[in-house]
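*Asks:* Quick one: structure below, then a few questions.
The values are calculated or read from the model by the stated rules, or taken from the named source; none is laboratory data. This is a predicted model, so every value here is computed, not measured. Note: ideal-geometry Cβ built from the backbone for every residue, glycine included; neighbour counts use all protein chains shown. Note: accessible area is taken over every heavy atom of the protein model, side chains too, but ligands, DNA and RNA are not part of it. Shrake-Rupley method; radii C 1.70, N 1.55, O 1.52, S 1.80 Å.
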Amino acid sequence: SHPSPFILQQKESLQQELEELLGTDGVLLYPSHPQIAPKHHHPIFTPFNFSYTGIFNILGLPVTQCPLGLSEEGLPLGVQIVTGKLQDRLSLATALYLEKAFGGWREPGKTTAKP
């Protein structure tokens, strides 16, 4: 089965709007998930949460997942860095900058409290 013409028009409209908004130098910071890291298999019970990442795949935009440290519970925190079409270099460069600024990847389960 094929998507309806209405759905295709909506997708193309949103794609054009985001491409105009981001251009060649725009960066959108967007949550990776609607809450902090879910427990294993829990996303099965909230199937529409995939839209946080799926929408950018459908629109064909470059996205880099960037670690930002750990929550108070020791769970990974991060953000998606979305850039305009064919601007992968900008997404990666922004991720490198943010990763350094926030301390980069840390092993989940470790406490964030300093000794």
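*Asks:* Roll a 1.4 Å probe over the protein chains and send me the accessible area per residue for the chain in Å².
*Replies:* Accessible surface, normalised per residue, equals 72 Å².
*Asks:* Using 5 Å bins from zero, what percent of all Cα-Cα pairs in segment 4-111 falls into each bin?
*Replies:* Pair shares across the bins are 2, 12, 18, 20, 18, 14, 9, 4, 2, 0, 0.
*Asks:* Leaving ligands and nucleic acids out of the surface, order D25, D88 by accessible area at 1.4 Å, largest first.
*Replies:* Accessible-area ranking of D25, D88, largest first: D25, D88.
*Asks:* What residue among A95, P76, S4 has its Cα farthest toward the positive end of the dipole of the chain, where the charges are +1 on Lys, Arg and -1 on Asp, Glu, each on the Cβ?
*Replies:* Comparing the listed Cα positions along the dipole, P76 ranks first.
*Asks:* As a test of the formula, what do you get for the chain when each DSSP H run with n ≥ 4 contributes -39,500 (n - 2.57) and the sum is divided by the residue count, at 222 nm and rounded to the nearest 500 deg cm²/dmol?
*Replies:* Computed ellipticity for the chain at 222 nm equals -12000 deg cm²/dmol.
*Asks:* Rounded to the nearest 20 Debye, what is the dipole magnitude of the chain about its Cα centre when Lys and Arg each give +1 and Asp and Glu each give -1 at the C-beta?
*Replies:* Computed about the Cα centre, the dipole is about 380 debye.
*Asks:* For the chain, with all protein chains present and a 1.4 Å probe, just round the carbon and sulfur fraction of the accessible area to a whole percent.
*Replies:* Ligands and nucleic acids excluded, carbon and sulfur give 61 percent.
*Asks:* Probe radius 1.4 Å, ligands and nucleic acids left out: which of E72, E99, E20, E107 has the largest accessible area, and how do the rest follow?
*Replies:* Order by accessible area, largest first: E72, E20, E107, E99.
*Asks:* Rounded to the nearest 10 Å², what accessible area does R106 have for a 1.4 Å probe in the complete protein model?
*Replies:* Estimated to the nearest 10 Å², R106 gives 100 Å².
*Asks:* Using 0.36 nm per residue, how much length does the chain from A101 to H42 gain when fully extended, once their Cα-Cα distance is taken away?
*Replies:* Roughly 18.2 nm would be gained on extension.
*Asks:* Top to bottom by accessible area (1.4 Å), largest first, where do L77, L59, L92 land?
*Replies:* From most accessible down to least: L92, L77, L59.
*Asks:* Hey, another quick one. Any chance you could look up the accessible area of I7 with a 1.4 Å probe, heavy atoms only, rounded to 10 Å²?
*Replies:* 90 Å²
*Asks:* Now for a different question. Any idea how far apart K11 and S51 come out in nm if each label point goes 7 Å out from Cα toward Cβ?
*Replies:* My value for the distance between the label points is 1.6 nm.
*Asks:* Please compute the length gained on full extension between V27 and S4, using 0.36 nm multiplied by the number of residues separating them and subtracting their Cα-Cα distance.
*Replies:* Stretched fully, the V27-S4 segment lengthens by 5.2 nm.
*Asks:* List every residue whose amide H lies under 5 Å from the amide H of L70, counting only residues 5 or more places away in sequence or on a different chain, with H placed 1.01 Å from N in the peptide plane.
*Replies:* L77
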